[in-house]
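Input: a single structure, listed below in structure tokens.
None of the figures in this text is laboratory data; all of them are computed from the coordinates on show. Computed from a prediction, not measured in an experiment: that's the story for all the values here. Backbone-built Cβ (ideal geometry, glycine too); neighbour counts: all protein chains shown.
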Amino acid sequence: MTLPVIPAPATETSPDGTFVIRDDVAVVAQSAELIEVAARFVDDVQADAGFTLAGNPGITVMIDTAGLEEVAPVAGLRADGNEDADERYGLEVAGDGVRVWGATAEGVHRGLTTLRQLIAAHAHDGTAVLPATRIIDGPRFAWRGLSLDVVRTFHAPDEVRRVIDMLSLYKLNVLHLHLTDDQGWRVEVPSRPMLTEVGAKGAVGDRAGGYYTRDELAELVAYAAERFVTVVPEIDMPGHTTAVFSAYPELAPAELRSVDLGDGTSIPLNTFEPERPEIWAFVEDVLDAVIPQFPQSAYVHIGGDEAWGMPDEAHAAFVERAAALVRERGKRVVGWQEIARAAISSDEVVQYWLEPRQLESLDGDASSMVPSDLLPVLVEHMKKAAQDVPRAIAHGSRLIMSPTSRLYFDCPHAEPSSDPAQEELRQRVGLPFYTPVSIRGGIDWDPLEVTPEVTSDTQIAGVEAAIWCETITSQEDLEFMLLPRLPGAAEKAWSPNPTDWPDYATRLSHQSPTWRSREWTWFKSVEIDWK
């Protein structure tokens, strides 16, 4: 029998028997450090499936390491830098009750997340008859995340909290916030007030801008931490700086350049100039303001991507100095794969996104969708990108795997919806430049197979999906592109075993009752027989 859980557990056995969950089944925490974890589980089960879980003891949670050695140690790097973390857990359902254990509170939380899914999948008429099972489980990779673009469309704090809830449900533990770009600036820097007074006003087209106040960010970071999710900030530089230049024109190059896209919009080709001292005064002001707002994160993402037209030497010089400034402030550096072109160290983390097949597409049909003035810029950039992963490996840097064709959730949905009312939305949302991706295509791969230079899990920091919001205008659009793709990203990041499509499709179908209870929007792909 397929266990209706995503990600798939590392090991699972199914003895005979059942245990029935009702409202009068209570959770008992055997140590003080698990009281809040247990209370949050009770709240989540109420939201997922409607059970109150108050009454007679039936679910016991405890700190214990029994059997956890059956699961291999995790590979990769943690966004919070906690080298003593342990997310492995055990879950046992028997006729006399349910027991969840782990070496840490975080491990117990992961086990209770599995139990949440089991309860929701089996809920019917006020009961959930759980089959007896014994699970020993743990993650393949330590960094499992989502990069969320809050620039092209500004997503309010309540919308971000909904995304954090989705991450937590599927054992994803990183929310990478893309806070700055050409279209806007979303984080307060008190010494540079024009960033929020001017730079935050914009978004794509006529969409409303906005930014997160320090109090709002503190609440988001705390909300995520309570669910064992680390929020990592990205300040994108030296490119994607139009919002900065609109706020502080004196930082802009003397000559501003752009490429007209022919639809009334353009792509800026402007970057910070590393030889100017005032640029570095600005970067230091930003780092000094942003870093304290993300105390759980051991990392600062410095962007480094798409510095169109910037000389290689200038780009490398910028990356090297920016990385040094981050390290001076006690943080580690992560950046998009282009940072590998600089003299980075093995401590820097490189986020892989540009696949060799994208260069091939620019030589084929996709080239007709690119403005003629932009095509040579993209081709030059892609040719350089072919050497980024080998350079990163030569530096000893580890990779976050974010291949565009698998984990960019702004790729259009390939298959139609079983709900005809969703077809207009499916046609509108998603960048037409990208090849549409099916739900099966999102899980029919392995992190070691997306690039030939990577041969071992030891070279990988983790797996991270990305959602870019050029075509996403609302919370509904955002969730429509995240679900049901997000569970697939979690499967690739957590599960050590290959994913069988029929088995996965069955497990995915059992997720929809929870999404319905949570009032989350999801794309009802015809590939899945939704429950």
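By count of other Cβ within 10 Å, fewest leading, how are ARG207, ARG257 ordered? Let's see the in-between values first.
Values: ARG207 17, ARG257 13.
With the sparsest Cβ surroundings first, the list reads ARG257, ARG207.
Using the Cα gyration tensor of the chain, with a ≥ b ≥ c the square roots of its eigenvalues, what is the shape: rounded (a/c below 1.5), prolate (a/b larger than b/c) or oblate (neither)? Since a/c reaches 1.5 and a/b is larger than b/c, the shape of the chain is classed as prolate.
Residue pairs exceeding 27 angstrom between C-alpha atoms, taken from LYS171/LYS384; LYS171/LYS531; LYS201/LYS492; LYS171/LYS524: LYS171/LYS384; LYS201/LYS492.
When THR404, THR242 are sorted by how many other C-beta atoms sit within 10 angstrom of their C-beta, beginning with the fewest, the order is THR404, THR242. Students often forget the sequence filter, so: which lysines lie under 20 Å Cα-Cα from LYS331 once same-chain residues fewer than 8 apart are removed? Excluding near neighbours in sequence, the set is empty. Using Cβ point charges alone (K and R +1, D and E -1), the dipole size of region 396-460 about the Cα centre works out to roughly 160 debye. Restricting region 203-278 to GluC sites (Glu not before Pro) that sit in a DSSP loop and have at most 11 other Cβ atoms within 10 Å of their own Cβ leaves GLU255, GLU275.
Note: relative contact order over the chain, using C-alpha pairs below 8 Å and six or more positions apart, is 16 percent.
Considering only DSSP beta bridges with both partners in the chain, what is the antiparallel share in %, to the nearest 5?
Working: 26 of 71 bridges.
The antiparallel proportion sits near 35 percent.
Under the convention that each Lys and Arg Cβ holds +1 and each Asp and Glu Cβ holds -1, the size of the dipole of the chain around its Cα centre is about 560 debye. Taking the longest Cα principal axis of the chain as reference, the axis of helix 277-290 is set at about 20 degrees.
If you place +1 on the Cβ of every Lys and Arg and -1 on the Cβ of every Asp and Glu, how big does the dipole about the Cα centre of region 11-137 come out, in debye to the nearest 20? For region 11-137, the charge dipole is close to 240 debye. Considering only VAL334, VAL232, ILE119, and ranking their Cα positions along the charge dipole of the chain that arises from unit charges at the beta-carbon of Lys, Arg, Asp and Glu, the one farthest toward the positive end is ILE119.
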